[in-house]
1. So how much slack lies between Asp228 and Asp63, counting 0.36 nm per residue of separation and subtracting their Cα-Cα distance, in nm?
2. Taking amide hydrogens as modeled 1.01 Å from N in the peptide plane, which residues meet the under 5 Å criterion relative to Val77, leaving out close sequence neighbours?
3. In bins 5 Å wide, starting from 0, what share of all Cα pairs of region 241-280 does each bin hold, as a percent?
4. Just need the relative contact order of region 367-462 here, percent rounded to a whole number, with Cα pairs under 8 Å and 6+ apart.
5. Report the antiparallel proportion of the DSSP beta bridges in the chain as a percent, rounded to a multiple of 5.
6. Taking only DSSP H segments of four or more residues, each worth -39500 (n - 2.57), what value at 222 nm results for the chain once the sum is divided by all its residues, to the nearest 500 deg cm²/dmol?
7. Residues with amide H under 5 Å of Glu94's amide H, sequence separation 5 or more or different chain, H placed in the peptide plane at 1.01 Å from N; which?
8. Quote the Stokes-Einstein diffusion coefficient, in whole µm² s⁻¹, for region 79-160, based on the Kirkwood radius over alpha carbon pairs, a temperature of 25 °C and a viscosity of 0.890 mPa s.
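Quick note: the coordinates plus some simple rules give every number you see, no bench work behind them. Only a predicted model underlies this, so the values are computations on that prediction, with no experimental measurement involved. Don't worry about glycine lacking a Cβ; one is built from the backbone with ideal geometry, like all the others, and counts go over all protein chains shown.
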Amino acid sequence: MFDPLEKLKEFIRHPSISADPAFKAGMAGARDFVAELLGSIGFKVEVVTTKLHPVVLAERGGDATWPHVIIYGHYDVQPADPLTLWKSEPFEPEVRHDRLYGRGAADNKGPLMTHVAAVARLLERRPDLPLRITFMIEGEEEMGSPSFLPFLEEQKARLGKADFVFLSDTGSPREDQIVITCGLRGLVLFDVVATGAKSDLHSGLHGGVLRNPIQALAELCASLHSPDGRVNVPGFYDDVLDVEPWERAELAKLGQSEEEYREFLGIPAFHAAAGYTPFEATRFLPTLEFNGIGGGYQGEGTKTVIPSKAFVKISCRLVPNQNPARIRDLLYRTVRARMPKDVTFEIVDQHEGTPYVVVPPDRSNTPADQSPVLAAAFRSAHRAIAEVFGKEPLYLREGGSVPIIADIKRVLGLDSVLMGLFLPEDNLHAPNESFNLKVMEKGMLASEKILESLAASGAMRT
């Protein structure tokens, strides 16, 4: 049995930034590391070529009547910038106070290693385990998984025979309170690029005779929210459904105070829509956020220029019953109507749009629309998490989006069991990303128990 912590350190040392071609070697290194590690624990490994970064498929076969679980993960990471804010080198992992620091430690190399180590430990102890396992590990999640949908379509006949997907790419609020995610918000992404003059202009010679593109975008952005925090786009909320009572009841068990959350964020006050707590707003409501805005001089000192162009990057998180295509149409019509007419502009699609994903937990133990294996998986997860972490899991919607879950459901027809292993303080996508090593150790034990219990359940694919 390998040392999971040392293997995770080795994994992190590969700078696998998928969005930057300069890190091609790091991507190849991380891919090969995963493939070799899975091969070393007895899996038949195939590296499936895509148009960009390959997918690693590793299979443990067995009797066709055995349950079949696909374990998903990704070997790519976000860029490490800004490097000056890291307390240690992002790709030279360092342990400090029960945490492993490094880019990708929590997203997703740490959680993925948790499941790999659990499987290795389980199969070493139970080499005859009646369970088929397939690892499906992609290299483009952090750039929107452009190759993943074609991959699923090509592999549908092979992968669609599984029973469900098991993964940990979602979060939990505390190290002793694990969440089984039961919903993921959908996503719409686009940019707006505004153009004024044909080139940058001297602000003294030409200021006051034309609208600055930065001003135009600032006016547009300011119009997209009401003072109460709601999205000010006609029709945006028309299809939003009421929250189920059991979901509010689960959220009430979270146990975190609003003041603790405010202090964690470091903000003077919340700005949530009326009638919703901050915790409800991040899970139950759709959003429109500005993820980046720029134009003009960005360096030290001053440069008195009127920029020719400015841009804003916008994302919307969607909730049940909101259609991404309809929301995009409403947004684009609003942008076109409100953009000042004395600048030109372009709307740039950044993503085809992802709908809200419902991940149905086994709430009643006898759900009519659930396969026996999936129902057994949810029960196994509930028992294992309660035993290992000391508290029953909560069943909560996730505020974020994992678009591949929708693709897996649509193409393969498979639901997913999502066990959250990263925590708010893990700093995903930010400097000083880390992974809680206590969560990793308990996560390995829980994952091992879940898989062993599923194998012993007697559940078979219908």
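1. Details: separation 165, 0.36 × 165 = 59.40 nm, distance 5.79 nm.
Taking 0.36 nm per residue and subtracting the Cα distance, the gain is 53.6 nm.
2. Correct list: Ser16, Ile17, Ser18.
3. Calculated over all Cα pairs of region 241-280, the distribution is 5, 20, 26, 25, 14, 8, 1 percent.
4. Values: 63 pairs, mean separation 43.7, N = 96.
The normalised contact order for region 367-462 reaches 46 percent.
5. Details: 48 of 68 bridges.
In the chain, approximately 70 percent of DSSP beta bridges are antiparallel ones.
6. On the way: 14 runs with 149 residues, N = 462.
Calculated from helices alone, the mean residue ellipticity at 222 nm is -9500 deg cm²/dmol.
7. Under 5 Å from the amide H of Glu94 lie the amide H atoms of Tyr101, each far enough along the sequence or on another chain.
8. Numbers: Rh = 15.9 Å.
My calculation gives 155 µm²/s for D.
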